[in-house]
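See below for the structure under consideration.
The values are calculated or read from the model by the stated rules, or taken from the named source; none is laboratory data. Worth saying up front: this structure is predicted, and the values here are computed from it rather than measured. Heads up, the Cβs are rebuilt from the backbone with ideal geometry, glycines too, and the neighbour counts pull from every protein chain shown. Accessible surface is based on the protein model in full, side chains and every heavy atom, while ligands, DNA and RNA are left aside. Shrake-Rupley method; radii C 1.70, N 1.55, O 1.52, S 1.80 Å.
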Amino acid sequence: MNSKQILQKAIIELKKSNKPTPELDSKILLGYILGKNKKVYLHENIMISEEDRVKYEKIIKIRAKGKPVSRILKKRNFWNFDFSITSFTLDPRAESELLVEVVLQYFKDKNTNLQILDLGSGSGCLGLSIAKELPMSTLVNVDACKKALNQVKINSKKLEIFSRNQFIHANWFNKNWTTKINSYVSKSKNKNNYKFDLIVCNPPYIKSKIISKLQDEVKKYDPILALDGGEDGCDSYRAIFSNIRDLLSKDGVIVIEVGYDILKTVKKIIKNSGFKILKIYKDILGIDRTLLIK
């Protein structure tokens, strides 16, 4: 069987399962089975071995049942890089690239020596993308999940910036979480009361009651810890802004993602915490997505 025939068959199967991008998914997954770093196109005439055909048809059935392509590949492209992901990390979203864009617009000098903190690192896509673009910077990655932190380490090595990173297991819902971060970093840097020039974060902000209504590709494959923002979606924002001032330098800024339906409440939390929103950025769909805070 050649590649065109097997692709056509796969596309039909994914269409029957109402997958939104059956052709793209089929091409990417065939490339994956054949060990290529690119998708296979319909006009190509590649002979497929019986072994590869069986493997391909198996993962097409897995995709048809709802498993995201990124979860099958165990990686997701974000910004300019491929990030390895696991069941313990959120699948990076394209709209979150806006956060990286905002940071690079604010810190225009790429040689700026920044001390960066990524709260809730997950796969590390946010912090590592920024650190890769700003080669003089150092990055501290914080996550409540040890297995997620291990994935950040793996991705930092892939991006060849491991030496500029630190990794801290901490949870912003625990008492004195900022003290734990400050003590750890200050000791390693031989400084007292270490501060950050930039803090980035994409906290969980989906309301608890909505989780069950999410698409299967989200609720079945993304870790609940990275999705559930509590009853009103704002639990993490309250915890973070209650004492994040302890970690921010005098001229430092916070860049954080927000859900469109909780923006009003988040604004109040930020204001009541003594911070000011410098600008609200809209994503490609025109939805308020990223806040620049000082």
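Structural remarks
- Accessible area expressed per residue, segment 166-260, with surrounding protein chains retained (probe 1.4 Å, Å²): 51
- Spin-label model distance (nm) - Asn2 vs Leu24, 7 Å beyond Cα toward Cβ: 2.7
- Prolate/oblate/rounded label for segment 141-294 (Cα gyration tensor, a/c 1.5): oblate
- Contact order, relative form, for segment 201-266: 45 percent (alpha carbon pairs under 8 Å, 6 or more residues apart, mean separation divided by residue count).
- Taking 0.36 nm per residue of separation and subtracting the Cα-Cα distance, full extension of the segment from Gln215 to Asn77 would add 47.6 nm.
- Once each of the GluC sites (Glu not before Pro) sitting in a DSSP loop with at most 14 other beta-carbon atoms within 10 Å is removed, the chain keeps 45-159 as its longest stretch.
- Take the Cα of Lys158, step 7 Å toward its Cβ, do the same at Ile62, and the gap between the two points is 1.6 nm.
- Apportionment of accessible area to carbon and sulfur, the chain, percent (1.4 Å): 50
- By average C-beta atoms within 10 angstrom, highest first, the peptides 80-86, 149-155: 149-155, 80-86
- Accessible area per residue for segment 61-124, computed on protein heavy atoms with a 1.4 Å probe, is 44 Å².
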